[in-house]
Amino acid sequence: MFRNTISTLCFILCLIIMIITVPAEAGNELHPELSPKIGPFLRKEIVASGNNHSSERRTDAARVKIITVLNSDPLQELPESLLSAFTEKVKKRGGRIGNHAYNKVQVFLPLEKTEELASFPEVRILKRPFSPGPRSVISEGKTVVNADEWQSGNLRGSGVKVGIIDLGFYGYSQLLGTELPYSLTTKMTGFYNEFYSEQHGTACAEIVHDIAPEAQMYLVNAGDYDVDFHNAVNWLSSQGVDVVSSSIGINYSIISELIYEIAYGYSFSSYYASLQLDDMDALRQQWENTIRNAVSGGITWVQAAGNDGEKRWKSEFTDTDGDGFLNFSPTENKNEILLSSYFPYGIPVYAVLAWGEGDTEDDYDLFISDEYGNNVANSTIIQAEVPFFPMEVCRFYPIPGRRYFAHVENYDAVPRTISLNIGVYGIASLQHYLPQGTVKMAPPADMENIITVGAVPFDNPHEIESYSSQGPNADDVIKPDVVAPDFVSTRTYGAEGFPGTSAAAPHAAGVCVLIKEKYPEFTPAQVKAYLEDHAQDLGTAGKDNIYGSGLVHLPAADASCIPVTENLDLHLCVTYQGSPYTFTLHYIPLREDPSGIYWKMDIPTFAPALYADESCIFVASDLDMDVCVSYAGRKYSFILEYIPLASDPSGIYWEMDVSTFSEH
């Protein structure tokens, strides 16, 4: 069974390596008579409500917000005729229509009418909204990214529009004229109270304002990812926004909860699983399509990378002590699940074990124990019955003061690569973890054409935060693109009270605003290239999957002078016949002219440039260049004259005209 669902698993594979099925928990009331079109969270709510329904006319407060997925192309807008006919059916059942995007419609409906609505052939799925989650005074990060110098040079975001898309903006109005602009534009999606449901967006907006205080700001909340997110992005596009800062995404805890509810909340069937997995894959395509359209329309999209760097372990199954259990280290066959001191007890923690891809009867089991050896949860699927779903999933509710451990048993398997992932709100970790590839756990951070931002502490910005998600993405594209400060101060969260990539992303977004002010003609690709080109390289030389291109750092306000390396090499950007190019010149002492000062082009470094900024040197038709360089804190200018050398006819050389050398 379920073989027709395999094509829908690519997205889930990226998130958790593989996904699900487990037998129903003993004692669960599965209600198999409910339509399989009803999603797991909505089904759970219907079961919990029992038969306590009223026939009275309902207000919105008594209606339930349901996402209806209609049988229509998931990447095209709904035909008006289909939407109109469906609207009438909803009205006749005491409901009303909200917003819509792609093939999804917000419906506000009495809960007892859900099954009736599911009976219509145009309805594919009825579900609860898939809500985004956060990636968790003057920000200390303002100095770290060198925004101070640009602001003092009168680059403060004037004439640039920046949008903040987030969960909510509680308390923003009290900060107008101080931590936020005197005036800004807001847009509410969904219910009125959803805009004020969370202060996370307010803190993000504070940071953007710290970096770009004269930018025109737009705040919009995304109540859900099914409809509101798309309408919010489209609204920002309609306002002519240049830069978007997004510190929300699909929190992995939502994914793991969905997996668990599909498995435990309904008598499992291939049709039911296929519906849910198809919808999940369509959701990914829809939000990527919406963001892609925004970027192609001129918006520079800046996205938090996610805080999942310590929530995943992946390696080959090894059993060094021969007891049948995985050794996470040479001496430990358990992996502690570490919860932060701020963990909100009363909510569940999910653990997902996955291995392989495609059909396999290899069988591993997953157990959760406490510090006293008590079995708290377990998942022991008979893999031979579901060979196309190699995974296990557990859920447990932590008790304050108690420790918890994950154990993996080789029930009947050839040792192979396996992964253990935890799904929980907030910053949590595994004792043994592997951060590589965790950016895939929090889409849309893994998209190639956006700016994905990891986190470093503001007071030690050369060390990555261990929880900051790392690349590569599923296509082996390096992520993040850059890193920026976190644990910064805001009025909303207090002194050094805003951790995570949620805080890092608005720093990078504010810097993009300043870049856009200085170079209004820049496309999103050029803004991204400029940001990365001027980042301070960290970690392994060049762009890597930990720091990206490095720490966001604006160049000196007067960046027309080229830094000279210790060995006197010059990394140049030049414009020749209207086109920009980059290459490196190596200082070369010549034996035949010991008094001359020469540089030779490193030909393999020659490449067309994506943009030209103030540091690009004009090259005349004779290939001479008027150069300004900075060296040891001082600035010098001179002319480089192109000179062919008979001793090296294939080389490309320039010689300094010593008579033109002068200090600024």
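Worth a mention:
- Length-normalised contact order for region 202-303 - Cα pairs under 8 Å, 6+ apart - percent: 43
- The distance separating the Cα centre of region 208-259 from that of region 372-436 comes to 33 Å.
- Among the trypsin sites (Lys or Arg not before Pro) found in region 139-237, not one is both in a DSSP coil and sparsely packed, with 15 or fewer other Cβ atoms within 10 Å of its Cβ.
- Radius 15 Å from Cβ of residue 372, net charge of other residues (Lys, Arg +1; Asp, Glu -1): 0
- On the beta carbon distance between residue 460 and residue 576, with R0 = 35 Å, the FRET formula returns roughly 0.25.
- For the chain, calculated [θ]222 nm from helices alone, where every DSSP H run of n ≥ 4 adds -39500 (n - 2.57): -6500 deg cm²/dmol
- The computed log10 I(q)/I(0) by the Debye sum over Cα atoms at q = 0.06, 0.11 Å⁻¹ for the structure shown corresponds, within (i) -0.86, -1.09; (ii) -0.40, -1.12; (iii) -0.53, -1.10, to (ii).
- The chymotrypsin sites (Phe, Trp or Tyr not before Pro) of region 316-357 that meet both conditions, a loop assignment by DSSP and at most 12 other Cβ atoms within 10 Å of the site Cβ, are 342.
- Net dipole in debye of region 167-321 [+1 Lys, Arg Cβ; -1 Asp, Glu Cβ; about Cα centre; nearest 20]: 420
- DSSP bridge orientation in the chain - percent antiparallel, rounded to nearest 5: 75
- Annotation: amide H-H contacts under 5 Å for residue 452 (H modelled 1.01 Å from N, sequence separation of 5 or more, or interchain): 303, 481, 482.
- Modelled spin-label separation between residue 607 and residue 84, with each label point placed 7 Å from Cα along the Cα-to-Cβ direction: 5.4 nm.
- Sulfur and carbon atoms: percent of accessible area, region 434-571 [1.4 Å]: 51
- Here's the picture: charge each Lys and Arg Cβ at +1 and each Asp and Glu Cβ at -1 in the chain, and of 643, 229, 595 the one pushed furthest to the positive end of that dipole is 229.
- Relative contact order, whole percent, for region 350-445 stands at 36, derived from Cα pairs under 8 Å and 6 or more residues apart.
- 3J(HN,Hα) from dihedral phi, region 175-187, Karplus parametrisation 6.51/-1.76/1.60, rounded to Hz, x for glycine, proline: 9, 5, x, 10, 7, 10, x, 4, 9, 8, 10, 10, 9
- Probe 1.4 Å, protein heavy atoms only - accessible area per residue of the chain in square angstrom: 40
The values are calculated or read from the model by the stated rules, or taken from the named source; none is laboratory data. Everything numeric here is computed off the predicted structure, so don't read it as measured data. Using ideal geometry, Cβ is built from the backbone for each residue, glycine included, and neighbour counts are taken over all protein chains shown. Accessible surface is based on the protein model in full, side chains and every heavy atom, while ligands, DNA and RNA are left aside. Shrake-Rupley method; radii C 1.70, N 1.55, O 1.52, S 1.80 Å.
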